[in-house]
1. Identify, from the list Leu285, Leu261, the residue that is under 19 Å from Asn122 (Cα atoms), modelled with pLDDT of 95 or more, under 13 Å from the mean Cα position of the chain (by Cα) and more than 12 Å from the ligand (Cβ to nearest atom).
2. Kindly provide the set of residues from the stretch 116-145 that are more than 15 Å from the ligand (Cβ to nearest atom) and closer than 25 Å to Ile243 by Cα, ordered by number.
3. Quick one: in the stretch 201-228, which of the residues that are aliphatic (A, V, I, L, M) and assigned to a strand (DSSP E or B) is farthest from the ligand (Cβ to nearest atom)?
4. Read through the list (1) without any contact (Cβ under 8 Å) to a residue 24 or more places away in the chain; (2) within 27 Å of Asp23 (Cβ to Cβ); (3) in contact with a Ser or Thr (Cβ under 8 Å, 6 or more places away or on another chain); (4) not charged (D, E, K, R), then give the number of the only condition that Val220 fails.
5. Check every one of the helices (runs of 4 or more DSSP H) wholly within the stretch 46-165 and list those with 2 or more residues that are surrounded by fewer than 23 Cβ atoms within 10 Å (Cβ to Cβ) and among the β-branched types (Val, Ile, Thr).
6. Quick one: which residue in Phe279, Phe231 is surrounded by fewer than 18 Cβ atoms within 10 Å (Cβ to Cβ), within 14 Å of the ligand (Cβ to nearest atom) and of a type in the set (Phe, Trp, Tyr)?
7. Out of everything in the stretch 234-256 that is surrounded by 16 or more Cβ atoms within 10 Å (Cβ to Cβ) and closer than 23 Å to Gly128 by Cα, what residue ends up being nearest to the ligand (Cβ to nearest atom)?
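The values are calculated or read from the model by the stated rules, or taken from the named source; none is laboratory data. Because the structure is a prediction, the values reported are computed rather than measured. Here the Cβ is made from the backbone with ideal geometry for all residues, glycine too, and neighbour counts use every protein chain on show.
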Amino acid sequence: MSHVLSCDQFTRSSLEELFVLTDNIQADGSKYSRALAGKIVATIFYEPSTRTRLSFEAAVARLGGNIISTENAKEMSSAIKGESLLDTIRVVAGYCDAIVLRHFDSKAALKAASVASVPIINAGSGSGEHPTQALLDAYTIYKYKQSLDGLTIAVLGDLLFGRTVHSLVKLLTLYKDVTIYGLSRDVLALPDEYVSLLAKKGVRYIACISFADIPAEVDVLYHTRTQTERFQNSDLQIEEFVIDQSVMNSFSPQTILLHPLPRRHEIAPEIDQDSRAVFFQQSHLGMYVRMALLYNLLSNQ
Ligand code: NCD
């Protein structure tokens, strides 16, 4: 694999291999601590990030590689002088062995890959996709549920602009007998292209209007933040579906709660004490998934 642009490019066996490698790295990171020795990874972020950039950088460091970075490329790179994304990519590719790119244009990673001489890793492209987040989401589900076949999952919140949901539903099409419940306000419903893809791949998709539409025994609740920064109309007010303890109590003791983070009010802080709330473990596991991905892309071993 040379670029990581979209969840379209994964197969079930490539995911299974990645998860086994992630398990191994997690079990004994010291075996991998020189895997990227002499390699340089650039992180170029045109949109804010905490987890994605820092976990990628931690992953590179833990594999013995080096990082060059621009964390606010919109203002602190030559973009502010009018340089195009493609010129920046052409130049930075000459300094490093891979580029981790986050950009507000949903086609940015694809465009970057068309000119880059090194692998491009899409770390979030506008309201399009966020494939490495979906890999860590799927890995977290695998860790807690052992398998994704037969999974029932509710995706909640901003299904329109939420790139993590877009990538995750694509990955879920690789598994058998999956049912997805989608709970959002009408204006933030899952775009038709994803609904059609799910239908084509035989994944059941059930659009919901309240928590009561989601079965109490659902395996996973996957909540997301309303992506207000992507609203054309900044006055648009969205009433969020808030998961507080009384909502959580209506679900099974086996239902786990995921969130790509950052969360705001959509998950009440009281939920953090609930053992089913595994979103901090999820973000922690993400670092190992990113180590595995970088290892596959860059290690000579
Ligand atoms: C997400 C993103 O950037 O799309 N964050 C992340 O990478 N964990 C979700 C969000 O910003 O709401």
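1. Values: Leu261 fails: more than 12 Å from the ligand (Cβ to nearest atom).
On inspection, the qualifying residue turns out to be Leu285.
2. Applying the first criterion (more than 15 Å from the ligand (Cβ to nearest atom)) to the stretch 116-145 yields 116-120, 141-145.
Across the stretch 116-145, the qualifying residues are Ile141, Tyr142, Lys143, Tyr144, Lys145.
3. First, pick out the residues of the stretch 201-228 that are aliphatic (A, V, I, L, M): 203, 206-207, 209, 212, 214, 216, 218, 220-221.
Narrowing further to those that are assigned to a strand (DSSP E or B): 206-207, 220-221.
On the way: Ile206: 23, Ala207: 21, Val220: 16, Leu221: 16 Å.
Ranking the qualifying residues of the stretch 201-228, first place goes to Ile206.
4. So the condition that Val220 fails would be (1).
5. Working: elements: 51-62, 73-76, 85-93, 108-115, 131-145.
In the stretch 46-165, the matching helices (runs of 4 or more DSSP H) lie at 85-93.
6. On the way: Phe279 fails: surrounded by fewer than 18 Cβ atoms within 10 Å (Cβ to Cβ).
Phe231 is the lone residue from the list that is surrounded by fewer than 18 Cβ atoms within 10 Å (Cβ to Cβ), within 14 Å of the ligand (Cβ to nearest atom) and of a type in the set (Phe, Trp, Tyr).
7. Within the stretch 234-256, the match that is nearest to the ligand (Cβ to nearest atom) is Glu240.
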